[in-house]
Amino acid sequence: MSYKDEWVDICSKEDLVPNSGICALVTGEQVAIFYFPDNDTLYAINNFDPFGKVHVLSRGMVGDLNGVPMVSSPLYKQHFNLKTGQCLEDEDVSVESYGVRIKDDRVEVNLTGE
Amino acid sequence: MSTKQTLVVIGNGMVGHNFLENIAESDIADKYQIVTFCEEELLAYDRVHLSEYFDGKTAADLSLVKPNFFEENNITVHIGDKAIEIDRENKQVISEKGQTIAYDKLVLAMGSSAFVPPIPGNDRENCIAYRTIDDLDDMMAAAKTAKVGAVVGGGLLGLEAAKALQNLGLKTYVVQFDSRLMSAQLDDGGAALLAEKIEDIGVSVLLDKNTTDISDGDKCMHKMSFSDGTELETDMILYSAGIRPRDELGSACGLDIAPRGGVVINNQCLTSDPDIYAIGECASWQEQTFGLVAPGYAMARAVVDQLADGDTLFTGADMSTKLKLNGVDVASIGDPHATTPGALVYTYQNGVDGIYKRLVVDKDSKYLLGAVLVGDAEDYPTLLQYYLNGIELPDNPDSLILPSRGDAPAGLGPDALPDSAQICSCFDITKGDLCASIEGGCTTLGALKDDTKAATGCGGCAALVKSVLDCELEKAGIEVNTDICEHFPYTRQDLYNLVMVEEIKSFTDLLKLHGTGQGCEICKQTIGSILASYWNEYVLEEDHVSVQDTNDAFLANMQKDGTYSVVPRMAGGEVTPDGLIAVGQVAKKYGLYTKLTGGQRVDLFGARLDQLPSIWKELIDAGFESGHAYGKSLRTVKSCVGSTWCRFGVDDSVGLAIELENRYKGLRSPHKIKFAVSGCTRECAEAQSKDIGIIAVEGGWNLYVCGNGGMKPRHGDLFATNLDKETLIKYIDRVLTFYVQTADRMQRTSVWMDNMEGGLDYLRSVVIDDKLGLCDQLEDQMQRVVDTYQCEWKTTIEDESKVKRFRHFVNSDKHDENIIFIEERGQIRPANIEERQLLLAEKVS
Ligand code: SRM
Ligand SMILES: Cc1cc2nc3c(=O)[nH]c(=O)nc-3n(C[C@H](O)[C@H](O)[C@H](O)COP(=O)(O)OP(=O)(O)OC[C@H]3O[C@@H](n4cnc5c(N)ncnc54)[C@H](O)[C@@H]3O)c2cc1C
Ligand code: SF4
Ligand code: FES
């Protein structure tokens, strides 16, 4: 059975924390969802920190570096591009990035990244 | 057998030890088996700062010996053993305790002793020389009963001794043989003003007094009789009438001795025996002995270089000096008496402000030959550079000492100095050395000091070092980029001022007004901290939560496995049995790993994010508050048990620690802040290793500032002594607020202090003398923080919407199943990665 190409309902828009992350459980995957209210943008990446090897990225601080939206790992402070999941310090390291949107005031995630 | 030669050093004083350090660092360290004799029971200590022993510094503080120095460098040291004979024939040294050591090379570093004038009665009880820590212990013992003290000798050391006596609470007299104080360094005008100033601070100066006899007094222990028929009654007598080189071993073995004392040395520091060197105060070079450390260090360097077949020579030394006696500035340079033929003199005298300045110049008014400064010695570094480097004087040399009249002061920019100019005489650091280090990347004052040692001795050269640094950076076009990150072209201090002046209350507003982009973890954390320091609002407020650093965002310290630790406050390390039981019950209920911290409290580890609110609710119900272990904020105030229980305690250290911890808890700062309070100078709370350290002494509390343990330990500086509690708290309010306002991000107080231009004296002038007129504001700001304190955990658990943030998943009640513990020694610990994979695999199958 695969839910992979579906948009999964997560939570209400109210549950988002502005300029910060939350974590959702989507068919067994931990997904970190970040919300930038300034331009009303959402990003979703995997919650697993490949350096610390634990699920904490949703608790990192967000912002941008040279215009690239990023999250900084709460453990050892590496940065990840929120659009692509690419680690900015180490080109060999990246995490999955996912599709995320708001529909009728509900937050939805799509693990295929559409 | 080893082929090493044996090098014996007699005397482990300032210069002897400096010699050992130099040779240990040199390439020839392995060539020698080194043995040293140290007559005193203490290894080398800092005599220059000896008088600080009275301000609460301990023998350990004054020690010049780095931990394990002798072991690490394989140097044998015979402590408390005096060399009593040099047998040049057989090339061996014999000691009092019976050691006989054969030498290939011998270095004499025996220093000097205080000259005790040959007066009948000079060895009566409480008649003490002023040279060693032993002497100081004797003085302190004598001061317990003495009311009046007299110092024989009005020179540099005599005046310092007088200051010490006065600080011990004695009515103090200085008895000077001739008609001037500091007669070697000052002319009549300067000496007269100095005498006036010394009298003003309460020390009586008796000039032209030739003591002829010391006998029983009527009101005091002694009566000093003078040749002019007058008398002085005193309980204690200190001799500080000059020094006598300790050349006795040298003369006994037939080395050449100078007519006025001292083992004769040549430019290579060799004595009349080609295998024996002499350095420091026991040596006489061209019939001069040098009563300062810098020349001794220069001799030590020369000998190390000679031994390495180098050609460094000792060619004399500058005896210019500057000192500060209870607020009276005095300085003397070169030839203050204008004895050079043709010398001309400029003087400036300001009777109103009590300032005297004298310049001695050559016959063409082109070069500076000497100077005297009394009452205001700010020109000293500039004048010293003119003198030492033979820099041509400006057209009107007197402009150098006249008060500046609107137009730019005639100060000497560091640019005008040649590379060879010696900037730090304590460690012989030239401008060239500083420039090389700056070029090598030491672009802050702290880094430069660390790299070159400049300004870490007497500290007199600090301002000049800083101006060389600034000038070099500017020249190199190295704009030291002090912007905190790409989003804000400002320093932390700028941002603090913006917040304060424009009354900005959120990161978003500050970003809109003064920044670009979305921000990053650097500027967010910094500004989050500044806002919390200044406004002290609840950090999880909607406006603030996203700019909190990782740990602050969830009010707990994240551990390697993504769980958190929980640290309830236990002010001063005090906790009731019931409190401990409550903590234990919570730990047990949630299965948390329990450990005592280095900060005198209990840490509970392994709490999941979703468990934090309920754990804290239970702790708060049991009477605990947040310990802010997660914040860049006040951590703990450690205490020792103090006078309540301890038989040595002088005051209630626990009570004060609790009061202080409760006063400053919650204060957000550029980095964490730690305090400790000890009940006496045994220092069981290790207060001198804290940002703020307090020690109870007979006269009140002594305050130390800017110490820390951690990566680069630094002892705190003694800031003020004998304070009552009210003054103590005022000073701490001011120091801390000033730190919060001016430090860089992530800068501990120690690094802040090391980078502060003017250092400790400057901080004292701001905090004690209110030089910047800031003290009221600093206190008000602190009071506001104190008045708006809240336990952020209490606020959090009372607000449902805040508690919601602590769920691991926004859409599920499950917890993170990757958090797995293993049992060890009866408690949990995080599984390591292999263990975790194994256990997860088992779970799936
Ligand atoms: C728990 C504790 C160790 C222990 O088991 O005893 C500890 C644990 C940590 N220390 Fe510490 N330090 C602890 C006492 C100390 C002490 C001893 C003291 O306070 O008397 C020191 C040396 C004294 C000092 O700070 O001057 C100390 C010097 C450091 C340093 C180095 C600071 C420096 O200026 O060099 C760091 C790193 C930093 O802060 O950047 C650090 C950082 C840390 C961190 C926060 C590391 C981290 O980022 O995860 C640790 C996490 C704490 C936690 O999860 O609760 N810890 N740490 C101690 C907690 C004390 C408390 O009750 O709050
Ligand atoms: C109170 C005071 C304040 C001072 N302030 C300043 C200042 O502000 N600036 C400055 O530049 N200088 C100052 N000085 C001078 C400075 O301390 C000395 O120049 C310096 O200590 C000289 O070092 P040294 O090693 O030659 O002698 P010392 O430091 O005296 O060391 C000689 C050591 O050798 C030991 N010794 C002697 N004979 C033997 C033996 N036979 N066997 C074994 N050991 C022996 C002695 O016990 C002593 O420990 C001050 C001195 C004093 C006392
Ligand atoms: S510092 Fe002094 S008062 Fe405190 S416990 Fe130690 S010995 Fe006792
Ligand atoms: S001159 Fe003493 S520290 Fe530099």
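The values are calculated or read from the model by the stated rules, or taken from the named source; none is laboratory data. None of these values were measured; they are calculated from a predicted model. We place every Cβ from the backbone using ideal geometry, glycine too, and count neighbours over all the protein chains shown.
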- request: Say whether the condition of being more than 9 Å from every other protein chain (Cβ to nearest Cβ), over 11 Å from the mean Cα position of the chain (by Cα) and polar (S, T, N, Q) is met by at least one residue in the range A:79-96.
  value: yes
Scanning the range B:732-749 for residues that are surrounded by fewer than 23 Cβ atoms within 10 Å (Cβ to Cβ) and either within 14 Å of chain A (Cβ to nearest Cβ) or within 14 Å of ligand 1 (Cβ to nearest atom) (or both) gives B:A743, B:D744, B:R745, B:M746, B:Q747
Heads up, the strands (runs of 3 or more DSSP E) in the range B:579-684 (entirely inside) with at least 1 residues that are among the hydroxyl-bearing types (S, T, Y) and under 29 Å from B:V751 (Cβ atoms) are B:634-639, B:673-678
Counting only residues in the range B:425-450 that are within 17 Å of the chain's Cα centre (by Cα) and away from ligand 1 (no atom under 16 Å from the Cβ), the one modelled with the highest pLDDT is identified as B:L448
Checked pairs for the range B:663-692, first within 16 Å of ligand 4 (Cβ to nearest atom), second modelled with pLDDT under 95, C-beta under 8 Å and 6 or more apart or across chains, list as none
Here the residues within the range B:638-653 that are more than 16 Å from ligand 1 (Cβ to nearest atom) and out of contact with any Phe, Trp or Tyr (no Cβ under 8 Å at 6 or more places or on another chain) are B:V641, B:G642, B:S643, B:T644, B:W645, B:C646, B:R647, B:F648, B:G649, B:V650, B:D652
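Restricting to the range B:816-831, and then to whatever is within 10 Å of chain A (Cβ to nearest Cβ) and out of contact with any Phe, Trp or Tyr (no Cβ under 7 Å at 6 or more places or on another chain), can you tell me which residue is nearest to B:D603 (Cα to Cα)? First the steps, then the outcome.
If we filter the range B:816-831 for residues that are within 10 Å of chain A (Cβ to nearest Cβ), which is where we start, we get B:816-819, B:830.
Checking the rest, the ones that are also out of contact with any Phe, Trp or Tyr (no Cβ under 7 Å at 6 or more places or on another chain) come to B:816-819.
On the way: B:D816: 22, B:E817: 24, B:N818: 23, B:I819: 19 Å.
Among residues in the range B:816-831 that are within 10 Å of chain A (Cβ to nearest Cβ) and out of contact with any Phe, Trp or Tyr (no Cβ under 7 Å at 6 or more places or on another chain), the one nearest to B:D603 (Cα to Cα) is B:I819.
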| Out of all the residues in the range B:760-769, is one or more touching a residue at least 12 places away in the same chain (Cβ under 8 Å), away from ligand 1 (no atom under 16 Å from the Cβ) and among the polar types (S, T, N, Q)? | no
Residues of the range B:137-159 being surrounded by fewer than 20 Cβ atoms within 10 Å (Cβ to Cβ) and either within 23 Å of the chain's Cα centre (by Cα) or among the hydroxyl-bearing types (S, T, Y) (or both), in sequence order, are B:D137, B:T145
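To keep it simple, each residue is scored yes or no on (1) in the same structural domain as B:E25 (by TED's automatic domain parsing); (2) under 30 Å from B:N389 (Cβ atoms); (3) buried (at least 19 other Cβ atoms within 10 Å of the Cβ); (4) without any contact (Cβ under 8 Å) to a residue 24 or more places away in the chain.
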| residue | (1), (2), (3), (4) |
| --- | --- |
| B:T234 | no, no, yes, no |
| B:C253 | yes, no, no, no |
| B:I265 | yes, yes, yes, no |
| B:A302 | yes, yes, yes, no |
| B:F314 | no, yes, yes, no |
| B:A317 | no, yes, no, no |
| B:K322 | no, yes, no, no |
Exception for B:D770 within (1) part of a loop (DSSP other than H, G, I, E, B); (2) touching a Gly at 6+ places or on another chain (Cβ under 7 Å) falls at (2)
Conditions (1) facing chain B (nearest Cβ under 8 Å); (2) part of a loop (DSSP other than H, G, I, E, B) -> A:A24 fails only (2)
Please indicate, with yes or no, whether at least one residue in the range B:499-508 is free of Cβ contacts under 8 Å to residues at least 24 places away in the same chain, not polar (S, T, N, Q) and not in a loop (DSSP other than H, G, I, E, B). yes
Of the residues in the range A:81-102, those that are over 15 Å from A:Y35 (Cα atoms) and in contact with a helix residue (DSSP H, G or I) (Cβ under 9 Å, 6 or more places away or on another chain) number 1
Given (1) hydrophobic (A, V, I, L, M, F, W, C); (2) on the phi > 0 side of the Ramachandran plot; (3) touching a Gly at 6+ places or on another chain (Cβ under 6 Å), B:I355 misses just (2)
Among strands (runs of 3 or more DSSP E) entirely within the range A:57-114, at least 2 residues that are within 25 Å of A:S12 (Cα to Cα) occur in A:61-65, A:68-72, A:97-103, A:106-110
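Do we find a residue being away from ligand 2 (no atom under 16 Å from the Cβ), free of Cβ contacts under 8 Å to residues at least 12 places away in the same chain and either of a type in the set (D, E, K, R) or surrounded by fewer than 21 Cβ atoms within 10 Å (Cβ to Cβ) (or both) anywhere in the range B:555-575?
no
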Among the residues of the range B:427-440, is there at least one that is within 16 Å of ligand 2 (Cβ to nearest atom), out of contact with any strand residue (DSSP E or B) (no Cβ under 8 Å at 6 or more places or on another chain) and away from chain A (no Cβ under 14 Å)? yes
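Limited to the range B:696-706, what total is found for residues that are away from ligand 1 (no atom under 16 Å from the Cβ) and buried (at least 23 other Cβ atoms within 10 Å of the Cβ)?
Going residue by residue through the range B:696-706, those that are away from ligand 1 (no atom under 16 Å from the Cβ) are B:696-703.
Applying the additional criterion that residues be buried (at least 23 other Cβ atoms within 10 Å of the Cβ) yields B:696, B:701-703.
Summing the residues that are away from ligand 1 (no atom under 16 Å from the Cβ) and buried (at least 23 other Cβ atoms within 10 Å of the Cβ) in the range B:696-706 gives 4.
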